[in-house]
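Q: Submitted below is the structure of interest, expressed as structure tokens.
Derivation of every value follows stated rules applied to the coordinates shown; laboratory data play no part. Every value quoted in this text rests on a predicted model; they were computed, and no experiment measured them. Backbone-built Cβ (ideal geometry, glycine too); neighbour counts: all protein chains shown.
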Amino acid sequence: MFVEKGANLGSSNSLAVKAGKFFLTVSKRGMVGAAILCIICVVAIFAPFVAPYDPYVLGSEVLQPPNRAHLCGTDHLGRDVFSMLVYGTRVSLIVGVMAALISGLIGTIAGGIAGFFGGATDRAISAIVDVFLMIPTFFLIIIIVAMFGSSFVNVMVIIGLTSWPSNARLMRAQALSIRERGFVVGARAIGESGWSVLFRHVIPNGILPVLANTIMQVAGAILTEAGLSFLGLGDPNVISWGQLVQVGSTYLTSGWWVSTFGGLAVVLTVMGFYLLGDGISDVLNSLSSGEWR
Amino acid sequence: MIDMLGKPVVVQELRKWYPVRRSVLLSHGQQAFVKSVDDVSFFIEEGEVLGLIGESGCGKSTLSRVLLGLEKPTAGKILFKGEDISEMLKREPKSFRRKAQIVMQNPFDFLDPRETIERALSRALELHQIGSSAKERSEICLQGLEGIGLKPARSFLLRRPRELSGGQLQRICILRSMLLKPLLLVADEPVSMLDVSVRADVLNTLLDLSAENLTSILFVSHDISVTRYVSNRIAVMYLGRIVEIGNADDVVFSPAHPYTEALISNSPSPDPRNKRERITLSGEPPTPINPGPGCYFAPRCFRKTKECANLYPDCVDLGGGHLVWCFNPKN
Amino acid sequence: MKHNSNASGKVPSTEHAHRISTDVWPNETPLLSVKNLCVDYRTPSGLVHAVQRVSLSCFKGESLGLVGESGSGKSTLVLSVLRLLPRTKVIESGQAFFKGIDLMKSSQEEMSRIRWTALSIVFQQSMNSLSPVHKISEQIEDVYRVHQPEATKAEIRAKIYPLLEMVNLSPRILDLYPHELSGGMFQRINILLSLVHNPDLVVLDEATTALDVITQGQILDELNRLQEELGQTFIIVTHDISVIADLCKRIAVMYAGHIVEIGNVESVLVKPLHPYTCGLINSIPPLTKGRKKIVGIQGELPDLRQTFAGCPFEPRCTEAMEECKWKLPELKLVNVSDGELKTEDELRQGHFVACHKYLGEGL
């Protein structure tokens, strides 16, 4: 097989810009997902400007159905549901992103070390990963939260600490194949130490599937947090979507809008992530089908 | 072989055996070994190019890896200017790395596809503290690129491997190794994957830079005409052992070992008038699991005699540095 | 009576199937005649002109070699003729007459009938071309039965044994699995499979490239034997001129999608005319005494997405003239010194060059 010139002849556009443009043209689903998530991020950042009321302020207009003054109605304490949704965005996103980041970081490093160095280290880390994959993590999370308390930070950390094994598996597989590549030999030959090769060359070149997985884990974390709050195990001091659903569930027949809008917010966000994930796999598929040589 | 200590690269009775995992029952309790490199000895002078030819399975890749310290020998020694490299690796691994460099077959796989050429080149300098600042290192890279004919050098620095052609990239890989002024450069099939018309440039770059730095080169290849063009001396390997070694022209035009003869006769020629009778060898190229006793080539040899099956041949000195390990050498 | 129309609305004619004659093809008409073949690849960054107006002929018993480097278009050319390129990604035009039938206009069914019975292909050694879970004998029977579903095992064995002998394989290989074969044995099986239905023409696309020197030498000997004893015709696509020098009668040199020189192997390789051909031959270190510094060809391949008015080799040509920049040279017959040629022989024996240096000459 002869090596030929690469497809990018002399262009200096960074790969990220090209990928962005390409993504937008190839995958409509990806575009929709990205759009949804952009809106949600904007809402989270500019929450004080978007929300018409302070969600913590108790009001006198109790259990109002959606009307002009309260777009999504009010709950049994007079709080504006729409404002609660808006502020809940922050909680969900922060929990989701931070949990995924923790999971991604630990998983990448553990998987990278296991795959690249091999031997006893690999066997040890793989054993731990196998154990985690056997245990139903949601129940594990419930137990730990029940034991250690349900603060916002706890929830975030615990979700992160229980979801890293899937990233580790992915990174390990990547590391196993990348360590046979020529540039690993080349890096060793010019004198890079093993750790240096791992962090400078192996992990950056193998990170793509792990990145995609981590993005999907944000959705998973949001769902988990909503589930915990619904079960009453979330942080009672912050307003989250799960909490909304739980609060509204006690009077579902008389005030359907509280739970419903809370649930819809979760559904919309998670759907946004899945569409984005589909978009990424669409892009990867058309890359591998050779259109983009 | 008098003054071995002064020579830049000396290999003494090198062995690299890999144990084969077989069921104890089936192999009658005997441990089988893949003898990838088996009792190999040679030296390379300063600035000399030693060609190494042999087919797949002969052990040339394993030999390269051991010479670079990427694998430990099972037995034997490798000396760089008299110093054992396993000692050097233990004491100062980085300084050893500087002395032994490699260029491989696929230049696109040899550099990290995400890095710019500047990063790839200056990282090598940075690791060995060549150049006291980023600016100085950049200058060194620029001069290096211009020296090998890649102009405008500045534009090459900013590009990534996939934006260049195979020939350009391979020359940059050679440059990177040579910036460290190594003692030994192992060139493992450096042009086999490149277009024919760009090979000359790459080979000439290799020769120029090695002459400049007085680097010894081990040129590993299966292509005899390319090897002969580049090498001062040639060694022929079969199943982990060197079967013939001597000056390039002696080995190619007066081959003494039957395997070398077979190799040369099977080498294709672009001249259609040159239709030689090819020597056919019976059987398939074997794997080096427990070869012998006797000459490893005996099973396929067309000149074998009774003794070939029982004893491994001694070295026969044909004069002028031409050595062959055979009971029935030509001449 | 109902007609079964295919997608283009044409009714597939049953007479057409029988037009692939099993008679011996006459020696005077070309077995394969390509006329003005163009292939463009669709890519996100534009159309890549891989093959540009290529015309060539191959006669029975006279193997043709196609030599070129990466980007020359040689593999694209044969894949297009064999209709193996993905239809949605390429634009093809021109004609390719194989035994009187234009392959470029043939339907999938017609091509399936032609492939392997009359025209087959062997690719570069790829361990994926055979199923890893079936024995070699089963795979050969499988391929055989595609075109002759009624054949018995005994029939197939009778057919295979002489072929095995021709490619120096022992019959015990039939009981092996693909992973037990060496590279050379594997490639010989691929060659055998391509010959199973006595095709008129076999295309070898870099078939000996990944093999060791001695194995390649043996396979070249076997291919020569097949040519001499079975009268087999090959089209050899390779970057290695020596393989063509060994096996073929005619050679076509391709550069950037164009044929720049075509002629008999003795003519082109001994007295090359086109500067590119000269450059290629000079790039190979000679295995004769004396040491000559080899010089490659300066410069890089052109960007195939661009269309050039002039000769594509001009930027790298040491003998370029002014008109090379804006006028594409046509393939023209060059005076042959071996006496006069009859007009019918021109196609078969003549030495053609696409270069302005020689356009003044010619018949």
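Q: When the Kirkwood hydrodynamic radius is evaluated over all pairs of different C-alpha atoms of chain A, what value in angstrom, to one decimal, is obtained? Provide the component values of the computation, followed by the final result.
A: Values: mean 1/r = 0.0467 Å⁻¹.
It works out to 21.4 Å.
Q: Over the alpha carbons of chain C, what is the largest minus smallest coordinate on each principal axis, giving the biggest first in Å?
A: Reported extents, whole Å, longest axis first: 65, 63, 48.
Q: Going by how many other beta carbons lie within 10 Å of each one, how would you line up B:HIS257, A:HIS70, fewest first?
A: Values: B:HIS257 28, A:HIS70 22.
Going from least to most buried by this count: A:HIS70, B:HIS257.
Q: Also, I was wondering about something else. What spacing in nm lies between the two simple spin-label points modelled at C:LEU359 and B:ILE140, each 7 Å away from Cα in the Cβ direction?
A: 5.3 nm
Q: 222 nm [θ] for chain B, helices only, -39500 (n - 2.57) per DSSP H run of 4+, per residue, to 500? Kindly include the intermediate steps, with their values, before the conclusion.
A: Numbers: 12 runs with 111 residues, N = 331.
Counting only the DSSP helices, I get -9500 deg cm²/dmol.
Q: Round to the nearest 0.05 the FRET efficiency obtained for B:LYS72 and B:LEU214 when R0 = 25 Å and r is the Cβ-Cβ distance.
A: Numbers: r = 28 Å, r/R0 = 1.12.
It comes to 0.35.
Q: Let me ask something additional. When the Kirkwood radius is taken over all Cα pairs of region B:62-203, what Stokes-Einstein diffusion coefficient follows at 10 °C and 1.306 mPa s, in µm²/s? All intermediate terms of the calculation are to be shown ahead of the outcome.
A: Numbers: Rh = 16.0 Å.
In µm²/s, the coefficient rounds to 99.
Q: Can I ask one more? Can you sort B:PHE302, A:PHE117 so the residue with the fewest Cβ neighbours within 10 Å comes first?
A: Numbers: B:PHE302 13, A:PHE117 16.
So the ranking, lowest neighbour count to highest, is B:PHE302, A:PHE117.
Q: In addition: Pull out a ≥ b ≥ c, the square roots of the eigenvalues of the alpha-carbon gyration tensor of chain B, then state rounded if a/c is under 1.5, prolate if not and a/b is larger than b/c, and oblate in the remaining case. Before the final figure, lay out the partial values.
A: Numbers: a/c = 1.94, a/b = 1.54, b/c = 1.26.
Prolate, since a/c reaches 1.5 and a/b exceeds b/c.
Q: Given a cut-off of under 8 Å on Cα pairs at least six residues apart, what relative contact order in percent is computed for region A:70-288?
A: Details: 288 pairs, mean separation 60.7, N = 219.
Rounded, it is 28 percent for region A:70-288.
Q: Continuing with the same structure: Of the DSSP beta bridges with both residues in chain B, give the percent that are antiparallel, rounding to the nearest 5. Don't jump to the answer; show the numbers that get you there.
A: Working: 29 of 47 bridges.
Percent antiparallel among DSSP bridges in chain B is about 60.
Q: Measure off 7 Å from each Cα along the Cα-to-Cβ vector at C:ALA309 and A:LEU252, then give the distance between these two points in nanometres to one decimal.
A: Roughly 7.7 nm, to one decimal.
Q: Run the helix sum for chain C: -39,500 (n - 2.57) per DSSP H stretch of 4+ residues, divided by residue count, reported at 222 nm to the nearest 500 deg cm²/dmol.
A: Working: 11 runs with 105 residues, N = 363.
That comes out to -8500 deg cm²/dmol.
Q: How many Cβ atoms of partner chains, on average, are near each residue of C:258-269 if near means within 10 Å of its Cβ?
A: Numbers: counts 0, 0, 0, 0, 0, 0, 1, 4, 3, 1, 1, 5.
Mean partner-chain Cβ count within 10 Å for C:258-269: 1.
Q: Per Stokes-Einstein, at 20 °C and 1.002 mPa s, what whole-number D in µm² s⁻¹ belongs to the protein assembly as shown, with the Kirkwood radius over Cα pairs as the hydrodynamic radius?
A: Values: Rh = 33.0 Å.
It diffuses with D of about 65 µm²/s by this estimate.
Q: If you don't mind, another one. Quick one: compute the contact order of chain C, relative version, from alpha carbon pairs under 8 angstrom and 6+ residues apart, as a percent.
A: Numbers: 591 pairs, mean separation 66.8, N = 363.
Answer for chain C is 18 percent.
Q: Using DSSP loop states and a limit of at most 16 other Cβ atoms within 10 Å to flag trypsin sites (Lys or Arg not before Pro), what is the longest stretch of chain B containing no flagged site?
A: My reading of the result: B:115-272 is the longest stretch.
Q: Just check region A:63-119 against the gyration tensor rule for me: Cα atoms, a ≥ b ≥ c as the square roots of the eigenvalues, rounded for a/c under 1.5, and otherwise prolate or oblate depending on whether a/b exceeds b/c.
A: Values: a/c = 7.03, a/b = 5.99, b/c = 1.17.
Cα axes put region A:63-119 in the prolate bin.
Q: Also, quick follow-up: Counting other C-beta atoms within 10 Å, which of C:CYS58, B:CYS315 has the fewest, and how do the rest follow?
A: Values: C:CYS58 25, B:CYS315 11.
Listed from fewest to most nearby Cβ atoms, that is B:CYS315, C:CYS58.
Q: Largest first and in whole Å, what are the equivalent-ellipsoid semi-axes of region C:179-281 based on the Cα gyration tensor, each being the root of 5 times an eigenvalue? Before the final figure, lay out each step's value.
A: Working: eigenvalues 138, 48, 30 Å².
Square roots of five times the eigenvalues give 26, 16, 12 Å.
Q: OK, next. Can you tell me how region B:140-185 classifies by the Cα gyration tensor, rounded, prolate or oblate, using a/c under 1.5 as the rounded cut?
A: Cα axes put region B:140-185 in the oblate bin.
Q: Calculate the FRET efficiency for B:ILE130 and A:PHE46 from the Cβ-Cβ distance with a Förster distance of 60 Å, rounded to the nearest 0.05.
A: The value I calculate is 0.70.
Q: With +1 on each Lys and Arg Cβ and -1 on each Asp and Glu Cβ, how big is the dipole of region A:70-288 about its Cα centre, in debye rounded to the nearest 20? Present the calculation step by step, with values, prior to reporting the outcome.
A: Working: 9 positive and 10 negative charges, 106 e Å.
Roughly 520 debye for region A:70-288.
Q: Averaged over peptide B:279-287, how many Cβ atoms belonging to another chain are found within 10 Å of each residue's Cβ? Let's see the in-between values first.
A: Values: counts 3, 5, 4, 1, 0, 6, 6, 1, 1.
Counting other chains' Cβ atoms within 10 Å and averaging over B:279-287 gives 3.
Q: Tell me the label-point distance for the pair A:SER281, B:SER282, using the 7 Å Cα-to-Cβ offset, in nm and rounded to one decimal.
A: Here the answer is 5.8 nm between the modelled labels.
Q: Something else: Using only alpha carbon positions, build the gyration tensor of region A:89-236, then give the equivalent ellipsoid semi-axes as the square roots of 5 times its eigenvalues, largest first, whole angstrom.
A: Gyration-tensor ellipsoid for region A:89-236: 33, 15, 11 Å.
Q: A further question follows. With contacts defined as alpha carbon pairs under 8 Å and 6 or more residues apart, what's the relative contact order of chain B in percent?
A: 21 percent
Q: Given a Förster distance of 22 Å, report the FRET efficiency between C:THR43 and C:ARG87 from their Cβ-Cβ distance, rounded to the nearest 0.05.
A: 0.90
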